[in-house]
Every structure is written in structure tokens, then in C-alpha cells.
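A short write-up of the structure that comes next.
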Amino acid sequence: MHRIRRFEGGAAGRRPASRAPRLRFAASLAAVTLIGSAVPAIASATSVITISGATASYPLVQLLAHKYVKLEHNKVSFRISQGGAQIGVNDVAAGRVTIGDVSRDPLPTDPPGLVFYPIAKYAICVVTNKSNHLANLSEAQVQAIFTGKDREWSQISGASVSGPIDIISRTSTAGVLTNFKSLFLANKSVSKLAAEEPSEGLLEQQVENTPGAIGFLSNYRADSGGVNAVGYNGVGCTLANASSGQYSAVARFYEVTKGKASGAAAKFISWIDSSRVAHKIVASQWIPV
Amino acid sequence: MSRLRKPWSDRRAELVLGAASLLTGAIVLGMVAFVAVRAWPTFAHNGLSWLAPGGSLGGQIESMLSTATNAPASAYHVRAWPIVYGTLLITGLAVALALPLAVLCAVFIVELAPARVRRVMIRVVRLLASVPSVIWGLLGILVLVPYVGNHLVTSAERTSLQNTVQLTGAGLVVAVVLLTLMITPIMVALTCDALTAVPAAWREGAAALGVNRLRAIRAVTLRAIRPAIVAATVLATARALGEAIMISMVSGSVFFSPRPSDGVAFLFEPLRTLASTIVDFREGLGGAPALNSTLYACALLLLFSVFVLSVAGYLVKLPLRKYQVRG
């Protein structure tokens, strides 16, 4: 029920007691506004670096960023998202993020003005389901399988499963796929029969689910224990072999900026390059550049 | 402050609410215009044969990726029938399965269940209707896809199709089952609401004429709620058309048109829909202009199909006006 107000006269007609709740309301509103305007001021004292890009380099960049924040005593903060190498390139070219994570070499179709800083190397392993104890594949065998020439496991010596080969690949915009094609397939295309997963995680899940599956992953994922990492040309796909240079299928992770890196992003990238702590992090599961 | 507490005049309320609804309309129109402008290049190059079959869609999309800013006209060549067909197939099958399931569920909950069961079931149905679709996707990829791949697909089927398509378990049947499970609770909730709105006098009249319960339900109640069933179907179909993430996870991610001539293997064949293609290639947005335009064309087609759905729903409800219980 509405209280009907009677506006007779000026201040004399108003009851002073009704002003108190209004004054309280005004005071609390002013306080909230002051605090609210102070928060961005506090936040801007720390600089924010936004990163987006490859799913393959995300675990490494996450570890590096975590360590860097601790060393800088929380004066810098990171916002890292994934989406794929091509998203990293597009986002940094459009100015949406400060740094792009890219897991492939620069392509001629990339937007102009981007600078690629290599931060680590990683190996690409061919992987099969755990029940398939395939130990090694030659270059010719890998090409025959992934281009769809050989369709049966019975055509591959060393395979412990039978039936048709299920090729699991990545969507065409993935950086790891671009490197896989240039390192293993001599730039031939993967067969149209292949299932195209949008991320490393989903590719790993599919290979784990399907006994007859074969795919490819960065060494960080391949060593996680859920899949069988297959040797290439007689060399096992392990971190030791990749670091020593024996394993040939090695590619680079890049941090990409629009123009030369500046400000907080430049300090972060040069820290990765020069610091011993960063070097140790990279060497733990990847190969230092 | 006191001005806001006074009751608003009718005129002011009318203006403000009118402005709000015009704003909504303007946002929808702006969205359609935004998508249409960006989708135009691919339709300019392909015309209506954009929807036709022809060649390998996977190959056409892959060749778009290497084209840069000045894409030649040949870069825009695309024949997107596999994904249009995939969308129609998945949505059609899911709605065809969900409709009878939902109506029978709703009839049980409202007409036949004891009051205690009814109270619990209504809450369970509403809860199911609000489960995020990515949860269904996780369920699919962790439970259903391995089960179908390892126990339902026979090696004879795999071998006979090994040069045409891979049968890994992720495919049509898992996508349709999950989509049906996703849209049925919405339809059940809406149909239950409609059933409870049927006047008791109509049911009592049927009973007075000596009609048994089930026949009364069929002849009186179900006929009365036909407009509500149509509305629920339209809503559920729109949700099914737009489902992207879940389909992308469980449908096999291959540009392939499942062939009914393959017999039972038809159910296990992988496919892609318009929405799941946008999700799978979202990295290409803002990159190669040919791919950008093709993805926006998929989005425009989805918007258009939802519009067609609403119009179809309206046209179906038109002759049912004389049985109108609720709009």
C-alpha cells in the first residue's frame, strides 16, 4: 500500500524523521562509488599481460607465467586463454591480446608486422592406443598410414591390434598439424577419412577410447601415460632423444607480438630467454631453444 | 528519488516499455544484418549451389586456409551439402524421437501419476532441462562413444567401409541420443504446464459420458493442448539446431554424409552439422576471408532456419485456433 505524501508548504511541511533513511542511503551510495572507483586505480598499479593461442604450448606458458608472477611479487598478472595457434595469431594481429602463443613457424599467409620470439622446442610423437604396442614406424610407413594408402593394421608390422586404422587428426587451423605435415608427411595432406579434433586434449581422448586409433601429439601429452608413443625412424619419442637431437621431428613454440615487444610483455619474453629459472622450467618437459 | 517512487503515468510506462521492445527488435535485426553482410561474399561466388553436393567439403575448406587477403574467386568455391544434410538428419531424428517420448512422459506425470510422484518428477524434469549441454558432451565422449565404438560397431562393418569412412563410435547415434535427452525435458516441462491448464470441466464432462480415462486423455486433453505441443516442438527444434559444442565432441568431426544404404553402419557414421562446423573452425574467424565468409554463411543459414521454424509453427497452429486452451 502506497503512502500518500502531502506536499503542503516547504520544509515546515516535511517531517524531519523521513530524511534520516534518505541521508543514510546517500551516504552508503557515496561510499560504494568511492570504493568502486578506487578498485581500478589499485588494479592498474599491476600490469596485465593477456595471452591467447595454441593448446600445445598452454601448459608451458602457464608454468612460466605462474613463476614470473611470484618472482615479480604480484606486480604483474596474466590472463591466458587457449583456442589454437591460428587464434593466437589473429588475436595478436587485431590487438585483442598482448602476446600470442603459436606452435608453428610463421606462414606467408600470416598478417604482416608480427614478430615471432622462439621460447622452446617440442617433439611431435605419433601415438596409438595403449593396447597397440607398436614400437616404431619408418617415414614411409607414417606417410602411407596418414595419407590413407594403408588402411589395415595387418599391413603394418609390429602392430598388436587388427582391423582398420582409425586416423585421428586435428582441424586444419592447428599449429601442431601444420608442423606434423611438414616434418612427417613432406607437406602431403592427411587423408580425408581422418577425424578432426579441435584440441590436443580431445585428440588424446579419442586415441585412448579407440583401440585401432593412431594420431599425433606434442611430447608433453604423449608422455602423460594414456597413450603409446611410437618411435620414428628407429628413435624413440622421448624428451631425452629430442633434447639430444637424435629424434628429428622437433618444432618450436613462439611468443608472438605485434611489432617488437614492449613494456611488460618485453620484460616477460626476455626473462624467458635469459633467466636460469625459466630455462629449468622449459627443460623439465620441453627442449630449451 | 521521490519522482521514481511515484506511480508512473500510463504514457510514460508505455513509452519506456515500447522503447525496450523496439530495442530488442533492433538488436535482433542488427544481428541478422551483421551476419548477412559477412556471409554475402560466399553466396555471391556460389549462389544457391552453396547448399548443393559436389566434391569434398573437407578439401574445399582446407584449400581456403592458404588464401590470404586477396583471395581469388576460386578460393570461395564450396558445396556445403554434407553439413546441411547432417543438420537436418540429426535435428529431424532427435525431434522425432523426443516428441512422442515427451508427450507420453507429460501425460503420465500430470494425468496418471500419484501426487507424490508427480511433485518429484516435475522437479527432476526441470532440473534436467537446465543441465548445460557441455555436460552431455562429456557424458558422450567419456561413456557413450567408447561403448558404441567397442561394443556396438562390428569389425565386419568397420572393414567393409574402411576406405570410405572410419567407424570409431563417435557418430550419428551418439549425437542423436544425447540431443534427444537434451531436448526432451524442455518439451516435457512445457507440455506438463499445458496439460494442467486444461479445464477440469472438460475432463469431468468426458467422464460423465462414460469414456474411460485413457480414451478421455487421447480424445479430449491431447487434442486441446495441440498448440502447446507445437510451441514446445518449435522451441526444442530451435535448441537442437543451435547445439554446437556437444555435437562437435561426439559426432566424429568428419565432413561426411551418412548413407542409409549402408544398413546398420549408417547409425555409426561420423558427420558434422552447421553449428559444429562453426565451433570446429572458429580459429579461422578473422583469418582467411574465404573461410570467414563460409562460417558466417553457416550462421546465416542457422538464423534463417530458426525463422522458418517460427513461421512454420505459426502456420501449424492457425487451424488449431478453435481448440485453443492456451495461446
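The values are calculated or read from the model by the stated rules, or taken from the named source; none is laboratory data. Computed from a prediction, not measured in an experiment: that's the story for all the values here. Because the Cβ atoms are built from the backbone with ideal geometry, glycine has one as well, and the counts that use them run over all protein chains shown.
Filtered by the rule that a residue be surrounded by 15 or more Cβ atoms within 10 Å (Cβ to Cβ), out of contact with any Phe, Trp or Tyr (no Cβ under 9 Å at 6 or more places or on another chain) and among the charged types (D, E, K, R), segment A:128-151 gives A:D150, A:R151.
So, in segment A:133-155, how many residues would count as being within 14 Å of chain B (Cβ to nearest Cβ), more than 24 Å from B:L65 (Cα to Cα) and not in a helix (DSSP H, G or I)? Final tally of qualifying residues: 4. Across segment B:292-306, not a single residue is classified as touching a Gly at 6+ places or on another chain (Cβ under 6 Å) and within 30 Å of A:V92 (Cα to Cα). Scanning for something within 30 Å of A:G163 (Cα to Cα), surrounded by fewer than 19 Cβ atoms within 10 Å (Cβ to Cβ) and within 14 Å of another protein chain (Cβ to nearest Cβ), does segment B:174-187 turn up at least one residue? For segment B:174-187, residues within 30 Å of A:G163 (Cα to Cα), surrounded by fewer than 19 Cβ atoms within 10 Å (Cβ to Cβ) and within 14 Å of another protein chain (Cβ to nearest Cβ): absent. Scanning segment A:249-282 for residues that are of a type in the set (S, T, Y) and either buried (at least 16 other Cβ atoms within 10 Å of the Cβ) or assigned to a helix (DSSP H, G or I) (or both) turns up A:Y254, A:T257, A:S270, A:S274.
Annotation: A:T210 fulfils all but one of (1) more than 14 Å from chain B (Cβ to nearest Cβ); (2) buried (at least 24 other Cβ atoms within 10 Å of the Cβ); (3) out of contact with any Leu (no Cβ under 8 Å at 6 or more places or on another chain); (4) of a type in the set (S, T, Y); the unmet one is (1).
For A:N241, the test of being at positive phi and surrounded by fewer than 19 Cβ atoms within 10 Å (Cβ to Cβ) is failed. Would you point out the residue of segment B:147-164, among those that are among the hydrophobic types (A, V, I, L, M, F, W, C) and within 12 Å of B:L267 (Cα to Cα), that is farthest from the other protein chains (Cβ to nearest Cβ)? Within segment B:147-164, the match that is farthest from the other protein chains (Cβ to nearest Cβ) is B:L152. Could you list, in sequence order, the residues of segment A:160-196 that are hydroxyl-bearing (S, T, Y) and either closer than 18 Å to B:G149 by Cα or more than 10 Å from every other protein chain (Cβ to nearest Cβ) (or both)? Scanning segment A:160-196 gives A:S160, A:S162, A:S169, A:S182.
Can you tell me which residue is surrounded by the most Cβ atoms within 10 Å (Cβ to Cβ) among those in segment B:119-141 that are of a type in the set (K, R) and without any contact (Cβ under 8 Å) to a residue 40 or more places away in the chain? Looking at residues that are of a type in the set (K, R) and without any contact (Cβ under 8 Å) to a residue 40 or more places away in the chain, I get B:R119. Kindly indicate whether A:A54 is more than 13 Å from chain B (Cβ to nearest Cβ), surrounded by 17 or more Cβ atoms within 10 Å (Cβ to Cβ) and touching a strand residue (DSSP E or B) at 6+ places or on another chain (Cβ under 7 Å). It is false that A:A54 is more than 13 Å from chain B (Cβ to nearest Cβ), surrounded by 17 or more Cβ atoms within 10 Å (Cβ to Cβ) and touching a strand residue (DSSP E or B) at 6+ places or on another chain (Cβ under 7 Å). Residues that are in contact with a Pro (Cβ under 9 Å, 6 or more places away or on another chain) and under 27 Å from A:P106 (Cα atoms) within segment A:152-172 comprise A:R170, A:T171, listed in sequence order. Across segment A:64-82, the number of residues qualifying as under 13 Å from the mean Cα position of the chain (by Cα), more than 12 Å from A:I99 (Cβ to Cβ) and without any contact (Cβ under 8 Å) to a residue 60 or more places away in the chain comes to 0. Looking at segment A:1-94, the helices (runs of 4 or more DSSP H) lying wholly inside it that each contain 3 or more residues that are at pLDDT 80 or above sit at A:58-71, A:85-93. Using the structure shown, decide if A:L107 is within 14 Å of chain B (Cβ to nearest Cβ) and surrounded by 14 or more Cβ atoms within 10 Å (Cβ to Cβ). When the stated conditions are applied, A:L107 passes them.
Take the residues in segment B:45-62 that are within 14 Å of another protein chain (Cβ to nearest Cβ) and part of a helix (DSSP H, G or I), then tell me which one is modelled with the lowest pLDDT. Checking each candidate, the answer is B:E62.
Can you confirm whether B:L167 is part of a helix (DSSP H, G or I) and either within 14 Å of chain A (Cβ to nearest Cβ) or modelled with pLDDT of 90 or more (or both)? Answer is no for this residue. Could you identify the single residue in B:L291, B:L320, B:L309 that is surrounded by 18 or more Cβ atoms within 10 Å (Cβ to Cβ), farther than 30 Å from B:S160 by Cβ, touching a residue at least 60 places away in the same chain (Cβ under 8 Å) and of a type outside the set (S, T, Y)? Exactly one residue qualifies, and that residue is B:L291.
What is the number of the single condition among (1) assigned to a strand (DSSP E or B); (2) in the same structural domain as A:I156 (by TED's automatic domain parsing) that A:D101 does not meet? Looking at each condition in turn, A:D101 falls short on (2). Looking only at segment B:294-306, residues that are buried (at least 23 other Cβ atoms within 10 Å of the Cβ) and of a type in the set (S, T, N, Q) come to 1 in all. State yes or no: is B:A75 farther than 24 Å from B:L172 by Cβ, touching a helix residue (DSSP H, G or I) at 6+ places or on another chain (Cβ under 8 Å) and not in a helix (DSSP H, G or I)? Considered against the rule, which asks whether it is farther than 24 Å from B:L172 by Cβ, touching a helix residue (DSSP H, G or I) at 6+ places or on another chain (Cβ under 8 Å) and not in a helix (DSSP H, G or I), B:A75 comes out as no. If you take the residues in segment B:235-283 that are surrounded by fewer than 24 Cβ atoms within 10 Å (Cβ to Cβ) and of a type in the set (K, R), which one is farthest from the other protein chains (Cβ to nearest Cβ)? Among those residues, the one meeting the criterion is B:R239. Exactly one residue out of B:V78, B:V16, B:V110 is of a type in the set (V, I, T), under 25 Å from the mean Cα position of the chain (by Cα) and modelled with pLDDT of 90 or more: that is B:V78. Taking the numbered list (1) away from chain A (no Cβ under 14 Å); (2) modelled with pLDDT of 95 or more in turn, B:R223 passes all entries but (2). Filtering segment A:214-238 to residues that are surrounded by fewer than 19 Cβ atoms within 10 Å (Cβ to Cβ), within 23 Å of the chain's Cα centre (by Cα) and touching a residue at least 12 places away in the same chain (Cβ under 8 Å) leaves A:D223, A:S224, A:G226, A:T238.
If you go through segment B:143-156 one residue at a time, do you hit one that is over 30 Å from A:K149 (Cβ atoms), hydrophobic (A, V, I, L, M, F, W, C) and loosely packed, with under 13 Cβ neighbours inside 10 Å? Yes, the conditions are met somewhere in segment B:143-156.
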